[in-house]
Amino acid sequence: MFTLIIADDHAIIRDGLRRIIEEVPGYKVVGEASDGLQTVRMVRKLNPDLLILDISMPNLRGIEAITKIRKFNKQVKILILTMHKSEDYAYECLKAGAQGYILKEDADDELITAIQTLRKGQIYLSSSLSDNVIRELLRRRKTQDRSKFELLTTREREVLKMIAEGNSNKKIAEKLGISIRTVEHHRLRISKKLGFNNITELVKFAIRVGLIDLD
């Protein structure tokens, strides 16, 4: 059984969503919440597979509810269902930890598809928002990457480039004429400044900011 909670401050909306969802075999709505704080408590208590959440909720806004939920539950899928046709709202919800964002006007046609998409571990965005949101996500990622890159010293950028090119600490030390311990220190500072803990993320970052290319 795939379990869901519906969180919306309008009973008529919750009733309509429940009817759509429970027409699907194997789907069960195990709880309904009418405000943000109640939503957080209900997710903690019932541990559903998926939460359908409105942004504009009394007591605690949807985005703040996502943040609180993610502190104790990383597994629950969160699908935002809202009237706000805004790339900024969609971006902030995804950043907070939601995996889907659909408009209430699209719910009749897209709700079940959105739920099924989240079940597969993928992100779903309303068709009327998808292209704009993706462009906005890419734009903001580029801005964030550039800001992080500017935190690095010239030497740290050199070390990052060599790491991304596959050089060992020993090889980097030889090329730069410094000790292996100094290289390790640079790597630690780079990881701390960028917020990445593994080589894969460092390589991806180096590619995005143009330190290396794939050719």
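Summed over the stretch 1-23, residues that are under 27 Å from the mean Cα position of the chain (by Cα), over 19 Å from L60 (Cβ atoms) and assigned to a loop (DSSP other than H, G, I, E, B) total 1.
Restricting the stretch 119-136 to residues that are over 16 Å from the mean Cα position of the chain (by Cα) and over 16 Å from C93 (Cα atoms), the residue that is modelled with the highest pLDDT is S127.
Taking the conditions exactly as written (over 19 Å from I123 (Cβ atoms), in the same structural domain as L118 (by TED's automatic domain parsing) and at pLDDT below 95), does I13 satisfy them or not? Yes.
Residues that are aliphatic (A, V, I, L, M), in contact (Cβ under 8 Å) with a residue 40 or more places away in the chain and more than 10 Å from V209 (Cβ to Cβ) within the stretch 137-163 comprise L137, L151, I163, listed in sequence order.
The values are calculated or read from the model by the stated rules, or taken from the named source; none is laboratory data. Because the structure is a prediction, the values reported are computed rather than measured. Note that each Cβ is placed from the backbone with ideal geometry, even for glycine, and that neighbours are counted across all protein chains shown.
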